[in-house]
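The values are calculated or read from the model by the stated rules, or taken from the named source; none is laboratory data. Quick caveat, the model's predicted, so the values are computed rather than measured. Cβ placement follows ideal geometry from the backbone for every residue including glycine, while neighbour counts extend to all protein chains displayed.
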Amino acid sequence: MMSKHFHYLNNQLHAEQVPLEKIASLYGTPCYVYSRAALTESFRQFSDALKGREHLICYAVKANANLAVLNVFARLGAGFDIVSGGELQRVLAAGGDAGKVVFSGVGKTRDEMRMALEADILCFNVESAAELARLNEVAGSMGKKAAISLRVNPDVDAKTHPYISTGLKQNKFGVAYTDAIDLYRKAREMPNLKITGMDCHIGSQLTETSPFIAAVEKVLWLVDELAKEGIELEHLDLGGGLGICYSDETPPAISDYIAALLSALKGRTQKLILEPGRVLVGNAGLLLTTVEYIKPGEEKNFAIVDAAMNDLMRPALYDAYHEILPVVREEHEMQTYEVVGPICETGDFLGHERELAIAPQSKLAIMSAGAYGMSMSSNYNTRPRAAEVMVDGDSVHLVRERETVQQLFAGEKIVV
């Protein structure tokens, strides 16, 4: 979807004040383009809606881990939700505050736990009894106490794609709702752990508030039961998952989502932690690509572009829709195209049945690609990953150089 930060002027698509045609000529394609103003605006919608309420907005790094993106949020006072030791290192390299980091994920290794404890992160979101025991052991070996919350799985249907639903009892995430109180009791007896909160995350790309509210209500019941046993929580982490508009979705406005959460919290005074990802970056980025060939077919016409499923995995993985717009509105015949990449997979598509007026060398913008675009990209078919650019007003900054093929096999060795 096109936001106000991406707009047409004199039939040329711009990122803020910069024509995308200029960016394509400077840095080539495929190329990811991010709007700093869009990143800033989405974050401030959260912080403005939470004014007067103790809170921490922890950006979900997995959505887009570019250092420049992380630095924009760090400067705005964000915390960070990480799911690996690598993401922690990125946050620190980008100027993020380790004291504002929450560490989620079902498979934390001992090395990752040590790294996070050495950095003195805010909290571990623990997802199993086995992890609880391991963290207690690792913290003890370092002479430290690990701050923890349990990620509780509330068995709430997020009504989203099954691959990005995380809050049902058949999902791998979190501890079972019925086991939570007993696990908190066990954590209280572990000498190297400090209980600080409760965490809940039910999925991604949610477009209505009712699943969030259902999860909050179940979490609050647990909070009250724990309080009866003398286990008082300092914070409630209600996760992320608010969706964006890719085509015709109608997710609630950030302010309405926050208002619904605050209403459901019924005046609770614990610090509120949220973990937004996609909603902060999704519509703040796009993928630029060039049409290499127009290939008419008996049943379908193909626009073969230089971006592919290795650059943007979401269409192949989720059958996800991304709007595709011409960078320059040209006087070509409007036709219906399958927009596909050069990878040797039938699943290598970026859009089905798109009405476009294009020719070879036309540039296209694949919209809403700021989340789970570059962060999920790969080198399949020995394709170097794309360049990344950030636009700030009328300035353009290369924030990641395009990879070279030599870099891809630099660590490989031939056996003689």
Worksheet item: Which one of these is at pLDDT below 95, of a type in the set (D, E, K, R) and in the same structural domain as His14 (by TED's automatic domain parsing): Glu401, Glu330, Glu388?
Response: Glu330
Worksheet item: Only one of these conditions is not met by Gln406: (1) surrounded by 13 or more Cβ atoms within 10 Å (Cβ to Cβ); (2) polar (S, T, N, Q); (3) over 12 Å from Asp311 (Cα atoms). Which number is it?
Response: (1)
Worksheet item: Across the stretch 191-214, which residue is surrounded by the fewest Cβ atoms within 10 Å (Cβ to Cβ) among those that are hydrophobic (A, V, I, L, M, F, W, C) and in a helix (DSSP H, G or I)?
Response: Ile213
Worksheet item: What number of residues within the stretch 386-400 are exposed (fewer than 13 other Cβ atoms within 10 Å of the Cβ) and either touching a Phe, Trp or Tyr at 6+ places or on another chain (Cβ under 8 Å) or of a type outside the set (Ser, Thr, Tyr) (or both)?
Response: 3
Practice prompt. With respect to Gly239, determine if the residue is over 23 Å from Ser378 (Cα atoms), surrounded by 22 or more Cβ atoms within 10 Å (Cβ to Cβ) and of a type outside the set (D, E, K, R).
Written response: yes
Discussion item. Out of Glu412, Glu353, I need the residue that is free of Cβ contacts under 8 Å to residues at least 24 places away in the same chain and on the phi > 0 side of the Ramachandran plot. Which one?
Written reply: Glu353
Worksheet, complete the sentence: Of those in the stretch 251-269 that are assigned to a loop (DSSP other than H, G, I, E, B) and over 19 Å from the mean Cα position of the chain (by Cα), the residue surrounded by the fewest Cβ atoms within 10 Å (Cβ to Cβ) is Gly267
Response to the item:
Subset of the stretch 212-245, residues over 16 Å from Leu265 (Cβ atoms) and touching a Gly at 6+ places or on another chain (Cβ under 8 Å), comes to Gly240, Gly241, Ile244
Response to the item:
Subset of the stretch 170-216, residues touching a Cys at 6+ places or on another chain (Cβ under 7 Å) and at pLDDT 95 or above, comes to Thr196, Gly197
Worksheet item: Does the stretch 332-351 include one or more residues that are in contact with a Cys (Cβ under 7 Å, 6 or more places away or on another chain) and surrounded by 18 or more Cβ atoms within 10 Å (Cβ to Cβ)?
Response: no
Discussion item. Can you say whether Gly285 is small (Gly, Ala, Ser), at pLDDT 95 or above and over 30 Å from Met142 (Cα atoms), as far as the supplied structure shows?
Written reply: yes
Worksheet entry | Members of the stretch 44-86 that are buried (at least 22 other Cβ atoms within 10 Å of the Cβ) and in a helix (DSSP H, G or I) | Phe46, Val61, Ala63, Val69, Leu70, Val72, Phe73
Discussion item. Given the condition in contact with a Cys (Cβ under 7 Å, 6 or more places away or on another chain) and either modelled with pLDDT of 95 or more or not assigned by TED's automatic domain parsing to the domain that holds Val399 (or both), answer yes or no: does some residue in the stretch 135-142 qualify?
Written reply: no
Worksheet, complete the sentence: Residues in the stretch 357-390 that are among the aliphatic types (A, V, I, L, M) and farther than 19 Å from Ala65 by Cβ total 7
Discussion item. Which pairs turn up if I take residues in the stretch 293-320 that are of a type in the set (Phe, Trp, Tyr) and look for partners that are assigned to a loop (DSSP other than H, G, I, E, B) and surrounded by 14 or more Cβ atoms within 10 Å (Cβ to Cβ) with beta carbon separation below 7 Å, at least 6 apart in sequence or on another chain?
Written reply: Tyr318/His161
Item to complete: Report yes if Leu117 is farther than 22 Å from Asn64 by Cβ, in contact (Cβ under 8 Å) with a residue 24 or more places away in the chain and buried (at least 21 other Cβ atoms within 10 Å of the Cβ), otherwise no.
Response: yes
